[in-house]
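The values are calculated or read from the model by the stated rules, or taken from the named source; none is laboratory data. Please read all numbers here as calculations on a predicted model, not as lab measurements. Glycine also receives a Cβ, built like all others from the backbone with ideal geometry; neighbour counts cover every protein chain displayed.
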Amino acid sequence: MRRGVRRDAGQAFPLYIVAVAGLLFLALALFAVGQAAATRNSAQTAADAAALGAAQSYRDDLYRALHKAVESGDGWDDLLRALGVPTGTACRNAMWFAGKNDARVTVCTPDSWPTSFAVRVTTRGTVGDSIVPGTERTHASAGAKSVVTPRCTVRPAKSGQQPGGGDGGKAGKKEPGKGKIELICDGKPWTLDPKHLDPFPEPSDFFAVRLAR
């Protein structure tokens, strides 16, 4: 009996080694998958941050330009529709946010109406060493798109009134575009008086920023 037990134990030991080796390989494979997923998530986080950073920078530039245009009474129409300022600063801001998330921007493409920014990034770090060959040299990439949309439109003019404000009957006594600007912002009426702009509404009151999937 003892010889039989020893013989069975001796036969089972190689199977035990194979089973343990298989489980170890599976664990390492799962770890490699986890590494890749973590790197991919990091890339997506960086892309989202970069896209939002670009849109927020563009919104701030729009806001400053709109304030000046309303104050001077000239050329605020396009700005109110989220158009009309350069986009270079926005893409530079995207690069800064990507860098803060250990990634670099490979693409930053501004679009028009509604103004949007398509951003693509690549992680600076790699997936790292794993049982999968080449992962130590593999970077993750991801893309995101942000949109800047206007919240306000010019309130339709009443009978006898110029669009955007001002009395049609008194137009000869006023400089064109210098009257009060009547707006509808998210369904609420607003009035901007170029002579009394303090306090001026916040950037988020004029423009919405969001990610577009």
For segment 76-91, the count of residues that are part of a loop (DSSP other than H, G, I, E, B), in contact with a helix residue (DSSP H, G or I) (Cβ under 8 Å, 6 or more places away or on another chain) and surrounded by 15 or more Cβ atoms within 10 Å (Cβ to Cβ) equals 5
Scanning segment 37-52 for residues that are touching a helix residue (DSSP H, G or I) at 6+ places or on another chain (Cβ under 8 Å) and surrounded by fewer than 24 Cβ atoms within 10 Å (Cβ to Cβ) gives ALA49, LEU52
Would you call ALA94 buried (at least 23 other Cβ atoms within 10 Å of the Cβ), assigned to a helix (DSSP H, G or I) and within 20 Å of the chain's Cα centre (by Cα)? yes
Residues of segment 138-153 being of a type in the set (S, T, N, Q) and within 30 Å of GLU182 (Cβ to Cβ), in sequence order, are SER146, THR149, THR153
Among SER146, SER112, SER159, the single one that is within 27 Å of the chain's Cα centre (by Cα), modelled with pLDDT under 75 and either buried (at least 17 other Cβ atoms within 10 Å of the Cβ) or on the phi < 0 side of the Ramachandran plot (or both) is SER112
When segment 101-117 is checked residue by residue, the ones that are touching a residue at least 60 places away in the same chain (Cβ under 8 Å) and outside any loop (DSSP other than H, G, I, E, B) are ALA103, SER116, PHE117
